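One structure is given below, encoded as C-alpha cells.
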Amino acid sequence: MRALRLIVLPALLAIGLLAGCSGGVSEGTDLGNGRRLFVDGDSGKPSCGSCHALEAAGTAGAVGPDLDDAFGASRAQGFEPSTFEQVVREQIAYPGIGLGMPAALVTGAGADDVAYFVATCAGNAGDSRCAPPADTGGGGSEETDGEAIFAQTCGSCHTLAAAGASGAVGPNLDDSLPSTELVIDRVTNGQGAMPSFADQLTEEQIRAVADYVAASAGG
C-alpha cells in the first residue's frame, strides 16, 4: 500500500498542475461541511472515509491511500494547500483508470468543500481547525441500518445491484452470493486487499450489513 501512495501522489500532483492551466480550481470554503461529507458521504453514496485514513476526519479506511501520509510528505516539501485542493477536486471528478475510486461521489459545492477540507487538514495535525473528532473510537456512528452501512462503507469497492453500487475493487456480490457468516468474517477480519472494519463498525453494525448483503445479493 505504501508503494501505491508513493506512485499515486506525484501523478495526482501532475494532474492538478496541468488542470490549473485550464482554470479548474476548487473554491471550497466550508471546512465543516467538507469534513461531514468526507465522513458520512453524500445522498447515500459511499463516503471518502470508508476507503481513506485521515486523522482530522477520524477515519481509518485502508483501501485507498492514507491521506495524511500522502499529502504530509508533499506539504513538508513546500507544496501549497491550493495545489492540494485542486488535485483532490480533480480526483473526485475524474479518479482515473485503475484506481478503483468511483467518480463524483460528491459534486458541486460539496465536492469543493471536501477538497478544501482535505487540502487544509491532510498531514497538517498542527492546525487547530484539523483536530480529530472527539469520538474516534471503534464503532464509528450508531447507524444500524444494513443498507445505509453498505452505502457508506462497502459500495465504493463492491457491486450490489440492490444498493445501486458498482464498485470493481472487490468481488461482485451479486455473482458471489456470500452467506451472512462469510460477510461477517470478511468485514471483521478482512482478507487480501480488503481491510478489517472491526475498528470502524460495531458487532451489531457488522451483523446488520451482513444480513443485508446476504438477503440482497443476486436479487
The range 155-196: number of residues that are touching a residue at least 40 places away in the same chain (Cβ under 8 Å) and in contact with a Leu (Cβ under 8 Å, 6 or more places away or on another chain): 4
Pairs, first within 13 Å of Cys121 (Cα to Cα) in the range 65-90, second surrounded by fewer than 18 Cβ atoms within 10 Å (Cβ to Cβ), C-beta under 6 Å, six or more apart: Asp69/Arg5; Ala70/Arg5
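A quick yes/no check of all residues on (1) within 19 Å of Gly28 (Cα to Cα); (2) not in a helix (DSSP H, G or I); (3) not small (Gly, Ala, Ser):
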| position | (1), (2), (3) |
| --- | --- |
| Pro46 | no, yes, yes |
| Ala56 | yes, no, no |
| Ala73 | no, no, no |
| Gly78 | no, yes, no |
| Gln86 | yes, no, yes |
| Arg89 | yes, no, yes |
| Ile92 | yes, no, yes |
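Working carefully through the options Val106, Val39, find the one that is assigned to a loop (DSSP other than H, G, I, E, B) and over 16 Å from Asp127 (Cβ atoms).
Values: Val39 fails: assigned to a loop (DSSP other than H, G, I, E, B).
The match here is Val106.
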Extreme residue, surrounded by the most Cβ atoms within 10 Å (Cβ to Cβ), among residues of the range 166-194 that are over 14 Å from Val209 (Cα atoms) and touching a helix residue (DSSP H, G or I) at 6+ places or on another chain (Cβ under 7 Å): Met194
Condition met for Ala151 (in contact with a helix residue (DSSP H, G or I) (Cβ under 8 Å, 6 or more places away or on another chain) and either under 24 Å from Gly64 (Cβ atoms) or modelled with pLDDT of 95 or more (or both)): yes
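The values are calculated or read from the model by the stated rules, or taken from the named source; none is laboratory data. Everything numeric in this text was worked out from a predicted model, so none of it was measured. When we count neighbours, we look across all protein chains shown, and the Cβ atoms used for this are built from the backbone with ideal geometry, even at glycine.
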